[in-house]
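A short write-up of the structure that comes next.
Read the figures in this text as sums done on the coordinates, not as results from a lab. Keep in mind that what you see is a predicted model, and the values were worked out from it rather than measured. Cβ atoms come from the backbone with ideal geometry, glycine included; neighbour counts cover every protein chain shown.
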Amino acid sequence: MTADQRSVLVVGPSWVGDMVHAQAFFMALQDGPDDVAVDLVAPPAPFPLLERIPEIREAFLLETRHGRLDLGARWRLARRLRERRYDQAYVLPSSFKAALVPAFAGIPVRTAHLGEHRYGLINDVRPEVEATRDRNLRGYLGLIRPDVGDAEAIPRPRLRVDAENQRELVERLGLDPRARVVALAPGAAGGPAKRWPVESFEALAALLADQGRHVWVLGGPAEAALGEEIARRSNGAVRNLCGRTTLTDAVDLLAMVETTVANDSGLAHVAAAAGSPVVVLFGPTSPDFSAPLTDRSELVYLGLECSPCGKSTCPLGHHRCLRDIDVDEVARRVDRLGERGSGTSGNGSSRTAPGS
């Protein structure tokens, strides 16, 4: 660090998709008049992604479980950070516990929205940002400037891709790098209500395979069974990679594909930031608040009168918000993104019933 460089610690979000969005905040932080070095504190889920975010100088793992206070772990990390003498901290999550590490570390300026009544923990309180879309992202950027501006002025996240790791993955997994590939991401954190039915993914995979495309199913170990079900009748055209790759491997694989089809999930954001066009399926959540930040997307949302409910399971028992999304319509969205190519502008989003 140079003598005139400001040293900033950021407490990052807990979810993978939010961390991808936060890259726009890191970009904006370094785009100001000051020379700023940015370090980050993050929990386990998004932590592997940080090596692919070039704006971060150094990352510190906060070994806590989601939703737990884990006061001891926060105190131990703060003691390590105290000797670094940061000039300022930004706390992106709104929870009380997220503000503890910078306060314990004695960082003199601790900037955030007030959140969960964090008087004292936050001593540089910024006003909440009223947002009709991209709520979390605009909240992050509002910590730097009150007038966030329109979507076109927001930096687009761009994760670093490792070409050498791509080559190793192709060899280890037996993939064809010359094939036209569509990636499917059938998982989603936050409960089954956010997942397009596996039967729909299976039908889409079969349709894409009939068109001569290869299909890679990506996800963690929890999605392995979903991947097997999607791949089981494909005669080898569908490869189930769930549980066989890391989060950083997913960045490199998604950078290779023609298009990605995903639920509203972390991998939808990773795919977009890796450079893949994305078709994202929304049901109990709204594309206004959680769409990937990209100019190459198709956002499929029926907009039923019960949506968005934000529930982890359908409170009405029918799950029509995702179940009624037609497979052929999703395939058309995949084709449409392919036809646009890299020169497209606009997000191509849909908030009407597919086919209308």
Q) Given the options Gly115, Gly219, Gly17, which has the most mean-square fluctuation in a GNM of the chain, springs set between C-alpha atoms less than 10 angstrom apart? A) Gly115
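Please work out whether the range 50-93 counts as rounded, prolate or oblate from its C-alpha gyration tensor, where a ≥ b ≥ c are the square roots of the eigenvalues and a/c under 1.5 means rounded, while otherwise a/b larger than b/c means prolate and anything else oblate?
Taking the square roots of the gyration eigenvalues as a ≥ b ≥ c, the range 50-93 is oblate.
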**Q.** For the chain, built as a Gaussian network whose Cα springs stay under 10 Å, the top-fluctuating residue of Gly283, Gly187, Gly32
**A.** Gly32
Q) Can you tell which of Leu61, Leu204, Leu253 shows the greatest fluctuation in a Gaussian network model of the chain with Cα springs below 10 Å? A) Leu61
Q: Report the chymotrypsin sites (Phe, Trp or Tyr not before Pro) located in the range 54-110 that are in a DSSP loop and have at most 14 other Cβ atoms inside 10 Å of their Cβ, or state none.
A: Phe96
(Q) Taking only the Cα atoms of the range 163-343, how large is their convex hull per residue, in Å³? (A) 109 Å³
Q.
Please list 3J(HN,Hα) in residue order for the range 284-289, calculated via the Karplus relation 6.51 cos²θ - 1.76 cosθ + 1.60 where θ = phi - 60°; whole Hz, with x for glycine and proline.
A. x, 10, 10, x, 5, 10
Q: Would you grab the residues whose amide H sits under 5 Å from the one on Leu184? Only those 5+ places off in sequence or on another chain, please, with H modelled 1.01 Å from N.
A: Trp216, Val217, Leu218, Val261
Q: Would you please classify the overall shape of the range 6-153 from the alpha carbon gyration tensor, given that a ≥ b ≥ c denote the square roots of the eigenvalues, rounded means a/c under 1.5, and beyond that prolate means a/b larger than b/c while oblate covers the rest?
A: rounded
**Q.** Under-5 Å amide H pairs with Val10, H placed in peptide plane, nonlocal only
**A.** Asp39, Leu40, Val41, Tyr90
(Q) For the range 46-142, what does the relative contact order come out to in percent, with C-alpha contacts under 8 Å and a separation of six or more? (A) 18 percent
Q: Please give the net charge around Glu55, taking every other residue with its beta carbon less than 11 angstrom from that of Glu55, where Lys and Arg add +1 and Asp and Glu add -1.
A: +2
Q) Based on DSSP H runs of at least 4 residues, each adding -39500 (n - 2.57), what is the mean residue ellipticity at 222 nm of the chain after dividing by all its residues, to the nearest 500 deg cm²/dmol? A) -9000 deg cm²/dmol
Q: Jot down the per residue volume, in cubic angstrom and as a whole number, of the convex hull over the alpha-carbon atoms of the chain.
A: 146 Å³
Q: Grab the beta carbon distance between Leu114 and Leu304, set R0 = 41 Å, and tell me the FRET efficiency rounded to 0.05.
A: 0.75
